[in-house]
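> Take this structure, written in structure tokens, and hold onto it; I'll ask about it next.
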Amino acid sequence: MYILTMGESYRGTVANITTYDVSRFHTRVHEYVHMDLMIQPYVKLAGFGHISKIMSWSMDNKFILALYERWRLETHIFWFPTGECTVTLEGVYMLLGLPIEGKVVNRKTNNANSICMDLLDVDLLDDNSRGQGSGSSMHVMYLPLLRHVDRIGSYSWGSACLAYLYSFLCKNSHKDTSTFSGCAVLL
């Protein structure tokens, strides 16, 4: 096990587990928002019909934190005294119904301000348009994909979801991090 630890910066060391203040740990939880009937056909056309049926879920912060303490970023597994387990692409498909075959979700993140003006009629350079939003915002890099809603379903969104989860599990394996990001349903 010593080979698979990150040393003192790893959240899962005995010293870090016993001294960590659980009240510092936060998760982003999105409440269920009823989908407007006008956008339902577009959501189904995009291939996200199954996700729209997930009403809500509860998240246990202490459970998520315990999983972080067991995450091994070198192998992308949770290590338990009884064995190993991980979230698989098949699991993403079974739980969320997201496509796991198709084009890679990979776009430039430095989109021009003009795409925001074209699709959203919002000027990113305007100081009033900046900010995090209410948790219902999305990254600008996905805007080019929304230009053609009928093509969204041809992407491997399940792979993107799993990669995002793995990325944040690795990032948050460090003792100083205190936020969960990713799809909690998969955990």
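> Could you list which residues have their amide H under 5 Å from that of H174, counting only those 5 or more apart in sequence or on another chain, with H placed in the peptide plane?
The answer is R11.
> Now for a separate question. For a 20 Å ceiling on Cα separation, which of these pairs sit above it: K103/K171; K53/K103; K62/K175?
K103/K171; K53/K103
> I would also like to ask the following. Under a 5 Å amide H to amide H cut-off, with H placed in plane at 1.01 Å, what residues pair with F180 once short-range neighbours are removed?
H26, T27, R28
Coordinate-derived values only; no laboratory data. Note that the coordinates shown come from a computational prediction; the quantities given were computed from them, not determined experimentally.
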